[in-house]
1. If you take the Cα atoms of segment 184-252, find Rg, then find the Kirkwood Rh from the mean of 1/r over all pairs, what is Rg/Rh?
2. Could you work out the relative contact order of segment 114-231? I mean the mean sequence separation of Cα pairs under 8 Å and 6+ apart, divided by the number of residues, in percent.
3. Given the alpha-carbon gyration tensor of segment 57-137, what are the semi-axes of its equivalent ellipsoid in whole angstrom, ordered largest first, with each equal to the square root of 5 times an eigenvalue?
4. Quote the relative contact order of the chain in percent (integer), defining contacts as alpha-carbon pairs under 8 Å separated by 6+ residues.
5. In Å², what does the accessible area per residue of the chain work out to with a 1.4 Å probe?
6. At what distance in angstrom do the alpha carbon centres of segment 44-123 and segment 138-185 lie from each other?
7. Using only the alpha carbons of segment 53-206, what is the convex hull's orientation-averaged projected area in square nanometres?
8. From Cα pairs below 8 angstrom and at least 6 apart in sequence, can you work out the relative contact order of segment 34-161, rounded to a whole percent?
Amino acid sequence: MFTRAIVRKPGKNFAQGLTTTNLGSADYSRMMDQHQAYVQALLSLGLDVIVLDPLKEYPDAYFVEDTAVVMPEVAVITNPGAPSRRGEEEIIQPVLAGYRKTTRIQPPGTMEGGDVLMAGRHFFIGVSARTNEEGAAQFGRIVARYGYTSMIVPVGQGLHLKSSVNGLGDNTLLITEEFSKMEYFKGYDQVVLDNDEAYASNTLFVNGMLIMPAGFPRTKAQLQALGLPIMELDVSEARKMDGGLTCMSLRF
Ligand code: CIR
């Protein structure tokens, strides 16, 4: 069970963040309403939510997940691969230091939290445009000290590993068709997404609740079959910025 989450409010300039999507321009007031609903959802699950202020210099900084990976024993501060995001990690470090011992991914290693999927005592680490081999290897060595195993996964498609695969608790993954074919994920029960609904892979499992993006009826039906409670949130504006539910918080 998680007891806390850290989020950061989007700034007025959030639409100037990085994006590869072609979904139209993102709207500030809609973004703020959606972010507020996101915070409310986490509060309703019993989490203490630490809400940080926007960072003017960093329009993507509300995607806090990319700046750290927090586990019970330690918080690993990342080194974002996107040059425009480098520095966000320096600002999150003192916040996390209030709750955990911290350690860092050192250059030339780069890593973003969106590439790290924790499955029990195992980590999948995506090597992507943002996370390089060196960063992934450093992370693997750090977590090995605490008894975790890890495995590197090449992320061909999508921004981060968690753009394509996320955990649903126990031994179950919500996964795109392309990733479902990979050897790495064979030992898991898989809920394979409809290709038209691949974005819904970014579903967040928190304290027994599945928080899924609104507007993906086929995925919802698949998830309902698992018998877990489901909450749907509209994240249209974060999606326009290549982000979603997992990216907007650090849970621990
Ligand atoms: C970026 O390109 O860095 C942001 N616009 C989106 C980051 C999304 N983060 C995530 O999936 N963990």
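1. Rounded to two decimals, Rg/Rh equals 0.95.
2. On the way: 199 pairs, mean separation 22.6, N = 118.
With pairs under 8 Å counted, the relative contact order is 19 percent.
3. Working: eigenvalues 60, 55, 24 Å².
Largest first, segment 57-137 gives 17, 17, 11 Å.
4. Across the chain, relative contact order equals 22 percent.
5. Values: 10700 Å² over 252 residues.
Accessible area per residue, the chain: 42 Å².
6. Here the answer is 17 Å between Cα centres.
7. About 9.1 nm², averaged over all directions.
8. Details: 204 pairs, mean separation 24.9, N = 128.
Computed over segment 34-161, the figure is 19 percent.
The values are calculated or read from the model by the stated rules, or taken from the named source; none is laboratory data. These figures come from a predicted structure and were not determined experimentally. These accessible areas exclude ligands, DNA and RNA; they are computed on the full protein's heavy atoms, side chains included. Shrake-Rupley method; radii C 1.70, N 1.55, O 1.52, S 1.80 Å.
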